[in-house]
Amino acid sequence: MHGVAIVVGTSSWADPGFVEHWYPKGLPAKERLPYYAERFDAVELNSSFYAIPAMSTVEGWAKATPEAFRFDVKLHKLLSHHSAQLKELPADLRDEAETNQRGRVLLEPALLDEMVRRTEDAFRPLADAGKLGAYLLQLTPAFDPRHNELDELAPVIDGLAPTPVSVEFRRRSWASPKRFEGVLDWLSAHRAVFVCVDSPPGDHVPIFPSIDAVTNDSLAYMRCHGRNTEGYLHGRSVAERFDYDYPRNELEEIAGRANALDGEANQVHVMFNNNARELAPKAARALRGILGQDPGLEP
């Protein structure tokens with residue numbers, strides 16, 4: 001990885017709120033990514049959580065962005081242990097896949113390996129262009145140390161090597177004092193990246209604490225979810241869950257955390273996931289300014 005040491009972006013470039021409140025009115029869909037890439041050096045791809053894209057689509061993204069631009073790719077929901085339906089799998093895999101009584105796809109080893117292989121194939125154009133930053137494995141809060149083992153993640157992390165996989169835990173108990181050091185050791189042993197979060201206050205099960213750690217010296221990763229506890233726990237839509245306008249003093253705090261991570265890793269990715277209206281790109285551009293980066297043209 002080369003370029004800026006602290007890379008700032010948002011979780012998605014095509015969020016409905018961005019389209020309505022941030023992009024110029026009437027900007028054609030195909031021009032959104034180039035417009036975004038004039039203002040940021042990286043983006044987290046979100047649509048890949050729901051479906052593996054066609055290679056031709058990925059080739060288009062590689063062509064539409066500058067040389068130093070990076071994509072962090074959120075892995076398919078099946079790989080991150082979320083419940084998935086048959087219609088969310090590639091069409092030719094649906095007949096073979098097993099489901100439970102509720103119609104949820106069962107994560108069989110052969111299916112998992114095939115989904116990993118297809119993910120790697122689909123994103124080869126980004127890897128070949130030097131634009132694939134990391135994969136993001138955003139675990140379901142149901143991935144619980146009482147019932148799950150970290151070794152269940154190994155086929156994904158090892159299968160996608162050498163591209164690093166950033167792992168976001170969303171169940172608080174993984175960070176318990178008796179367990180957390182073992183989690184970090186396991187990630188280090190697999191060259192995986194621990195995802196640091198900026199999360200809402202509260203000790204509820206799905207709120208992971210804001211702890212920073214580096215488990216792969218090539219990359220540190222931070223996701224900023226906003227600090228709206230009520231919305232995060234009870235919001236019905238993405239925009240309700242992450243509706244939070246970061247004030248400057250909190251962005252300065254995030255900048256301090258990013259600078260500290262930069263002392264331990266070659267590159268730091270800070271992604272804003274407060275995807276309501278234009279709040280994520282607004283916060284991301286403000287953070288770039290605080291870090292002394294040029295935030296690009298005013299949108």
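Here are some notes:
- Dipole magnitude (debye, nearest 20) for region 82-149, charges at Cβ of Lys, Arg, Asp, Glu: 320
- Most mobile listed residue (Pro141, Pro53, Pro90) in the chain, GNM with C-alpha springs under 10 Å: Pro90
- When each of the peptides 58-69, 26-37 is scored by how many other beta carbons lie within 10 Å of its residues on average, the order from highest to lowest is 58-69, 26-37.
- Virtual spin-label span in nm between Ala91 and Ile211, 7 Å along Cα→Cβ: 4.6
- Stretch gain in nm, segment Arg102-Lys30, where the contour uses 0.36 nm per residue and the Cα spacing is subtracted: 22.1 nm
- Sorting the segments 209-218, 272-281, 227-236 by their residues' average number of neighbouring beta-carbon atoms within 10 angstrom, most packed first, yields 272-281, 209-218, 227-236.
- Carbon/sulfur fraction of accessible area - region 74-154, other protein chains in place, 1.4 Å, %: 44
- Less than 5 angstrom separates the built amide H of His82 from those of Thr140, all sequence-distant by 5 or more or on a different chain.
- Estimated dipole of the chain in Debye, rounded to 20 [Cβ of Lys and Arg +1, of Asp and Glu -1, Cα centre]: 620
- Selection from Ala286, Ser48, Leu112 lying farthest towards where the dipole of the chain points positive, charges on Cβ: Ala286
- Rounded, prolate or oblate (a/c below 1.5 giving rounded, otherwise prolate when a/b exceeds b/c) for region 1-84 by Cα gyration tensor: oblate
- Close amide H contacts of Leu136 (hydrogens built in the peptide plane, cut-off under 5 Å, sequence separation of 5 or more or a different chain): Val73, Lys74, Leu75, Ser166.
- Normalising the average separation of contacting C-alpha pairs (under 8 angstrom, six or more residues apart) by the number of residues puts the relative contact order of region 157-285 at 22 percent.
- Cα radius of gyration and Dmax for the chain (Å): 18.3, 54
- In region 134-172, the GluC sites (Glu not before Pro) that fall in loop regions by DSSP, at most 12 other Cβ within 10 Å: Glu149
- Kirkwood's formula applied to the C-alpha pairs of region 121-160 gives a hydrodynamic radius of 12.2 angstrom.
- Comparing mean-square fluctuations of Arg179, Arg102, Arg191 from a GNM of the chain with C-alpha springs under 10 Å, the top value falls on Arg102.
- Stretching the chain fully between Glu67 and Asn266 yields a gain of 69.8 nm (0.36 nm per residue, less the alpha carbon separation).
- Computed over region 211-260: relative contact order in percent, which uses C-alpha pairs under 8 Å that are six or more apart: 29
- Global form of region 103-183, assessed from the alpha-carbon gyration tensor, a/c cut-off 1.5: oblate
- Spacing of the two label points (7 Å from each Cα toward its C-beta) at Thr57 and Thr163, in nm: 1.4
- Take 261-269, 290-298 and order them by the average number of nearby Cβ atoms within 10 Å per residue, most first; the result is 261-269, 290-298.
- Extended-chain gain in nm, criterion 0.36 nm per residue less alpha-carbon gap, Ala14 and Ser173: 53.9 nm
- Helix-derived mean residue ellipticity, 222 nm - over the chain, DSSP H n ≥ 4, -39500 (n - 2.57), to 500: -8500 deg cm²/dmol
- Close amide H contacts of Val270 (hydrogens built in the peptide plane, cut-off under 5 Å, sequence separation of 5 or more or a different chain): Val7, Val8, Gly9, Met222.
- An oblate overall shape is assigned to region 184-299, the ratio a/c of its alpha-carbon gyration tensor axes (a ≥ b ≥ c) being 1.5 or greater and a/b not exceeding b/c.
- For region 127-142, Karplus couplings with θ = phi - 60° (6.51, -1.76, 1.60), whole Hz, Gly/Pro x: 4, 5, 7, x, 10, 8, x, 7, 8, 10, 9, 8, 5, 6, x, 6
- Percent RCO, i.e. relative contact order, over the chain, from Cα pairs under 8 Å lying at least 6 residues apart: 21
The values are calculated or read from the model by the stated rules, or taken from the named source; none is laboratory data. Computed from a predicted model, the values in this text were never measured in an experiment. Positions of Cβ are generated from backbone atoms using ideal geometry, with glycine treated the same way; all protein chains shown enter the neighbour counts. In case anyone asks, the SASA skips ligands and DNA or RNA and just uses the protein heavy atoms, side chains included. Shrake-Rupley method; radii C 1.70, N 1.55, O 1.52, S 1.80 Å.
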